[in-house]
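Working notes for the structure below.
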Amino acid sequence: MYDELVEFLQESVTPFHAAATAESWLEAAGFTRLEEADYWNLEPGKGYYITRNGSAVIAWRVPQHAIGGWRIAASHSDSPCWKIKADMPENEGCRRLSVEGYGGMIMASWLDRPLTVGGRVLVKTQDGVQSRLVYIDRDLLVIPSLAIHFQRDVNKGKVFNPQIDMQPLWGPAGSRTLTDLICEELGITAEDILDWDLQLVTRQAPVQIGPDNEYFMAPRIDDLECAATTLLAFLEASGEADSACAPVWAMFDNEEVGSSSRMGAESSFLRDVLDRILDAVPHSGQAAARAMANSFMLSADNAHATHPNFPQKADPCAPVRMGGGVVLKYNASQKYTTNAVSGAVFRAVCEKAGVPVQVFTNRADEPGGSTLGNLQSHTLPIPMADIGCAQLAMHSAVETASVADAEAMTKAVAAFYRVHLRALGDGTYTLE
């Protein structure tokens, strides 16, 4: 399983590449691509998927009989990064790129490391406009630090100005431009380029560390680890899933900036797809409401492990360790959607599967982040649990997590898809 996770991390250098990687895995498993603009003819027992913006994906398998509910696992494709705006004017014998921060990142972690460029380019063709993926697969540029001699107090703490401190060095004055290299990569001319969505990409490949390779380090672990493990679980178990419920896998974009785009969790994307699935198969007038009442969703986004150097930052009542199993996340203000009912259901699923579960809560005096679950609930009012894998250095350019937890997440989510979960009443379930 770890090899598949590494493959996903290495290939998914941007949200557009993550969607393309997921699409290739789904295609290899026999899933059929659909388009939102087309009429959908769905066949029982078959798998389908759809993309939006080239950066979000929803996949599902149609049950053999009437749809009695949904089993959904959702994650996101994006990570904090630097979005590229343009080449900057040359100065002091150098050419730079103009970038703008996306999401809440640890800025210092991007300094003095090999970077490159990836994303998509919109090009004009004889038939109109086409989107092309691009990734310049070599060490290409750097964001250089200012020497300590010019900032003697830098180790006492520094406030970064992204317009000054974080603009990357591209090359010497007069060197080939970003546009030149993009054209070379895609075999096009500058006149063919209509627009682009490009970003800086951290070059480090995933590596295992620890005396027995217990941990791994990689860029974009948050949230591609959950995207990969939930997809692996979906592909493994969806064909064996509860025949009355449709298994669904979703990977949204723009979670790191609020999920409010048309491809984010706060949009109608998932609800649109579920409604269309029901419209395309025989169902009764009350089928949609009954399906919602018998549904369950896992919002999968990584969790903070208790930091060994900063244990005081963790809730002493809920320590989280890497290698301790899947993390179930709670928040009194509902930044996480888990409550006693959804938490109990997920714990019961994991207990049947033999997967350890640990709990994350914030210290009462430390505000936490949020994730896609509570935003998705605006359009999809079904019980949800927020889960994740424990990691360190969240939102760093390179993060650290546990190999064992990736295995545990895959096993737990596969069990979730397989279980016969029935809502007998409000807050009452059977699991078979």
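The values are calculated or read from the model by the stated rules, or taken from the named source; none is laboratory data. Predicted model only: the values in this text are computed from it and were never measured. Cβ: placed from backbone, ideal geometry, glycine included. Neighbour counts: every protein chain shown.
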- Message: For the range 284-320, give me each residue that is assigned to a helix (DSSP H, G or I), out of contact with any strand residue (DSSP E or B) (no Cβ under 7 Å at 6 or more places or on another chain) and of a type outside the set (Lys, Arg).
- Response: Ala287, Ala288, Ala289, Met292, Pro311, Gln312
- Query: Residue check: is Ala401 buried (at least 22 other Cβ atoms within 10 Å of the Cβ), over 20 Å from Cys245 (Cβ atoms), among the aliphatic types (A, V, I, L, M) and in the same structural domain as Ala265 (by TED's automatic domain parsing)?
  - Reply: yes
- Message: I'd like to know if the range 199-212 contains one or more residues that are surrounded by 21 or more Cβ atoms within 10 Å (Cβ to Cβ), at pLDDT 95 or above and touching a Gly at 6+ places or on another chain (Cβ under 6 Å).
- Response: yes
- Pairs with Cβ under 7 Å, 6+ apart, first in the range 407-432 and free of Cβ contacts under 8 Å to residues at least 24 places away in the same chain and of a type in the set (Ser, Thr, Tyr), second assigned to a strand (DSSP E or B) and surrounded by fewer than 22 Cβ atoms within 10 Å (Cβ to Cβ): Thr430/Arg422; Thr430/Leu424
- Task: Output the number of residues of the range 146-199 satisfying the condition of being within 30 Å of Asp127 (Cα to Cα) and touching a Cys at 6+ places or on another chain (Cβ under 9 Å).
- Result: 5
- Say we look at the range 195-231 and pick out the residues that are of a type outside the set (D, E, K, R) and without any contact (Cβ under 8 Å) to a residue 12 or more places away in the chain; which of these is farthest from Ile182 (Cα to Cα)? Pro211
- Task: Given the conditions (1) touching a residue at least 12 places away in the same chain (Cβ under 8 Å); (2) closer than 20 Å to Met263 by Cβ; (3) not aliphatic (A, V, I, L, M), report the number of the one that Ser24 does not fulfil.
- Result: (1)
- Item | Selection from the range 314-352 of residues that are more than 21 Å from Thr229 (Cα to Cα), touching a helix residue (DSSP H, G or I) at 6+ places or on another chain (Cβ under 9 Å) and either charged (D, E, K, R) or touching a residue at least 60 places away in the same chain (Cβ under 8 Å) (or both) | Lys335
- Query: Looking at this structure, is Arg262 modelled with pLDDT under 95 and surrounded by 15 or more Cβ atoms within 10 Å (Cβ to Cβ)?
  - Reply: no
- Query: Looking at (1) within 19 Å of Gly103 (Cβ to Cβ); (2) β-branched (Val, Ile, Thr); (3) assigned to a loop (DSSP other than H, G, I, E, B), which is the only condition Thr337 fails?
  - Reply: (1)
- Query: Within the range 68-96, can you find the residues that are crowded, with 23+ Cβ neighbours inside 10 Å and touching a strand residue (DSSP E or B) at 6+ places or on another chain (Cβ under 6 Å)?
  - Reply: Arg71, Ile72, Ala73, Ala74, Ser75, His76, Ser77, Cys81, Trp82
- Message: Every residue in the range 164-173 that is exposed (fewer than 14 other Cβ atoms within 10 Å of the Cβ) and under 14 Å from Leu111 (Cα atoms), please.
- Response: Ile164
- Note on the structure: Picked from the range 75-92 (must be of a type in the set (D, E, K, R) and not in a loop (DSSP other than H, G, I, E, B)), the residue modelled with the highest pLDDT is Lys83
- Matching strands (runs of 3 or more DSSP E) fully within the range 340-432 where at least 2 residues are at pLDDT 95 or above and farther than 18 Å from Phe234 by Cβ: 357-360, 390-392, 399-402
- Message: Among the residues that make up the range 66-74, is at least one of them small (Gly, Ala, Ser), over 19 Å from Leu235 (Cα atoms) and either outside the structural domain of Ser370 (by TED's automatic domain parsing) or assigned to a strand (DSSP E or B) (or both)?
- Response: no
- Item | Members of the range 23-47 found to be closer than 16 Å to Tyr417 by Cβ and not in a loop (DSSP other than H, G, I, E, B), listed by number | Trp25, Leu26, Gly47
- Return a yes/no flag: does the range 230-253 have any residue that is hydrophobic (A, V, I, L, M, F, W, C), buried (at least 21 other Cβ atoms within 10 Å of the Cβ), modelled with pLDDT of 95 or more and closer than 30 Å to Gly93 by Cα. no
- Task: Please specify each residue of the range 288-317 satisfying the condition of being crowded, with 22+ Cβ neighbours inside 10 Å and among the hydrophobic types (A, V, I, L, M, F, W, C).
- Result: Ala291, Phe296, Met297, Leu298, Ala300, Ala303, Ala305
